[in-house]
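The values are calculated or read from the model by the stated rules, or taken from the named source; none is laboratory data. The structure displayed is predicted, hence computed values, not measured ones. Virtual Cβ from ideal backbone geometry, glycine too; neighbours counted across all protein chains shown.
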Amino acid sequence: MFTIYGIKNCNSMKKAFDALTQQGLTYQFHDYKKQGIDAQTLKLWIDALGADVVLNKKGTTWRKLSEAEQQHALANEDNLIETLTQNTSMIKRPILKTATGYIAGFDEATYQALSTQ
């Protein structure tokens, strides 16, 4: 069983849902826009994937932050986790928990390979 984290109305999420469904893979969806995300889970993701992968700097939410707010978020891991728990739209989507770890973002080939896990 997989757990997929993200926001329901997102194109990358829709592609990921479709890919999992087409392969007949069961998954649980955690909508961190509605359900939030805890600091412990974010720490796991950052440790596994790296802060640069987990933080989506391309999105409008990140770009709307002031230079000072961005620098504060990037100053250390605790600040980044605090920023991401308050601004879940800045988390890369989707994040998929598999039996072997985490996958960030949607890549069709990567998702096609999941059925062999």
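Residue by residue, here is whether (1) closer than 18 Å to Gly6 by Cβ; (2) among the small types (Gly, Ala, Ser); (3) in contact with an Asp or Glu (Cβ under 7 Å, 6 or more places away or on another chain) holds:
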{"residue": "His30", "(1), (2), (3)": "yes, no, no"}
{"residue": "Asp38", "(1), (2), (3)": "yes, no, no"}
{"residue": "Trp45", "(1), (2), (3)": "yes, no, no"}
{"residue": "Leu55", "(1), (2), (3)": "yes, no, no"}
{"residue": "Gly59", "(1), (2), (3)": "yes, yes, no"}
{"residue": "Ser66", "(1), (2), (3)": "no, yes, no"}
{"residue": "His72", "(1), (2), (3)": "no, no, no"}
{"residue": "Asn76", "(1), (2), (3)": "no, no, no"}
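In the range 1-60, of all residues being part of a loop (DSSP other than H, G, I, E, B) and of a type in the set (Gly, Ala, Ser), the one that is surrounded by the fewest Cβ atoms within 10 Å (Cβ to Cβ) corresponds to Gly24. Out of curiosity, is Ser115 of a type outside the set (Asp, Glu) and modelled with pLDDT under 95? The answer is yes for Ser115. Restricting the search to helices (runs of 4 or more DSSP H) fully inside the range 67-117 and requiring at least 3 residues that are closer than 16 Å to Asp47 by Cα and without any contact (Cβ under 8 Å) to a residue 60 or more places away in the chain gives 77-86. Here Leu55, Leu44 are screened, and the one residue that is without any contact (Cβ under 8 Å) to a residue 40 or more places away in the chain and more than 16 Å from Phe106 (Cβ to Cβ) is Leu55.
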